[in-house]
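Working notes for the structure below.
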Amino acid sequence: RMLLVYAGTCALLSMWISNTATTAMMFPIGLSIIAHLSRGARGRQEPLRKFALALMLVTSFAASIGGMGTPVGTPPNLIGMLEHIVGVDITFFSWMALAVPIVALLFIYLVAQFHFSSVRGLPAAEGSTAMVREELAKLGRLTLGQRNVGLAFGVTVLLWVLPGLLALAGSGETPLARRYAEAMPEGVAAMVGALL
């Protein structure tokens, strides 16, 4: 479960920020997980060594996989090349409709591969669950600033995918949808999120 949640966090973050930033942010978290597990792995260093290797590798692999899911992750260069050379206009939503299933399949393979090769037999430190509950209690409730950042992020994502959602609802060619697409291209939606 640790590997799944850690890799999932890397992949989800990488869908919205660069792969390098995600890896740099998650790497110290992975190291602290390994340090905590090493305190409870007396005499069982080989399973811990395998898990540590898997966790460090999954940091970059999951970020690379997740980055393919949205145009703001890894694919902007490819999308720009397709628009420039072939003249194909790929919307934010159409890219996600194509890429997210591929990301999901690659992610399942990644976690399964590392689970079967590196995680089985890993000892968990005694009191780990209690320690996690204690740390969560110390964090407390979300602050106003944290809620505002979450709201700004949600608004930005909604502005990016709204044209695709309207198209799915059968309203993609209405005058209102066309006016929205002209007034709110992906770059403007990103600027609105940054201003918020």
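Sequentially through the range 95-108, phi angles give Karplus couplings (6.51, -1.76, 1.60; θ = phi - 60°) of 5, 5, 4, 7, 8, 4, x, 5, 4, 4, 5, 5, 5, 4 Hz, Gly and Pro residues having no value and appearing as x. Shown is the FRET efficiency for residue 85 and residue 196, computed with R0 = 45 Å from the Cβ-Cβ distance and rounded to the nearest 0.05: 0.85. Note on the chain: with neighbouring protein chains present and a 1.4 Å probe, carbon and sulfur make up 69 percent of its accessible heavy-atom surface.
By the helix-only formula, in which each DSSP H run with n ≥ 4 contributes -39500 (n - 2.57) and the sum is divided by residues, the chain has a 222 nm mean residue ellipticity of -24000 deg cm²/dmol. Using a simple spin-label model with pseudo-atoms 7 Å out from Cα toward Cβ, residue 184 and residue 117 lie 4.3 nm apart. Rolling a 1.4 angstrom probe over the protein heavy atoms with all chains in place gives the range 1-87 an accessible area of 53 Å² per residue. Largest GNM mean-square fluctuation across 156, 70, 129, computed for the chain with C-alpha springs under 10 Å, falls on 129.
Starting from the Cα gyration tensor of the chain, take the square roots of the eigenvalues, sort them a ≥ b ≥ c, and report rounded, prolate or oblate (rounded when a/c is under 1.5, otherwise prolate if a/b is larger than b/c, else oblate). Prolate shape, in that a/c is at least 1.5 and a/b is the bigger ratio.
Of 91, 59, 22, the residue with the greatest mean-square motion in the GNM of the chain, using alpha carbon springs below 10 Å, is 91. The candidates 180, 109, arranged from most to least accessible area with a 1.4 Å probe in the full protein assembly, appear as 109, 180.
Ranking 16, 95 from most to least accessible surface, computed with a 1.4 Å probe over the protein chains only, gives 16, 95. Dipole check for the chain: with +1 at the C-beta of Lys and Arg, -1 at the C-beta of Asp and Glu, and the Cα centre as origin, the magnitude is about 900 Debye. Selection among 53, 90, 131 by position relative to the dipole of the chain gives 131 as farthest towards the positive end (Cβ unit charges, Cα centre). Solvent exposure of the range 89-196 amounts to 70 Å² per residue of accessible area, where only protein heavy atoms count and the probe is 1.4 Å.
Quote the FRET efficiency, to the nearest 0.05, computed for residue 25 versus residue 78 with a Förster distance R0 of 25 Å and r equal to the Cβ-Cβ distance. Approximately 0.55, to the nearest 0.05.
The values are calculated or read from the model by the stated rules, or taken from the named source; none is laboratory data. On a predicted model such as this, the values are computed, not experimentally measured, just so you know. Positions of Cβ are generated from backbone atoms using ideal geometry, with glycine treated the same way; all protein chains shown enter the neighbour counts. Keep in mind that these areas ignore ligands, DNA and RNA; they rest on the heavy atoms of the full protein, side chains included. Shrake-Rupley method; radii C 1.70, N 1.55, O 1.52, S 1.80 Å.
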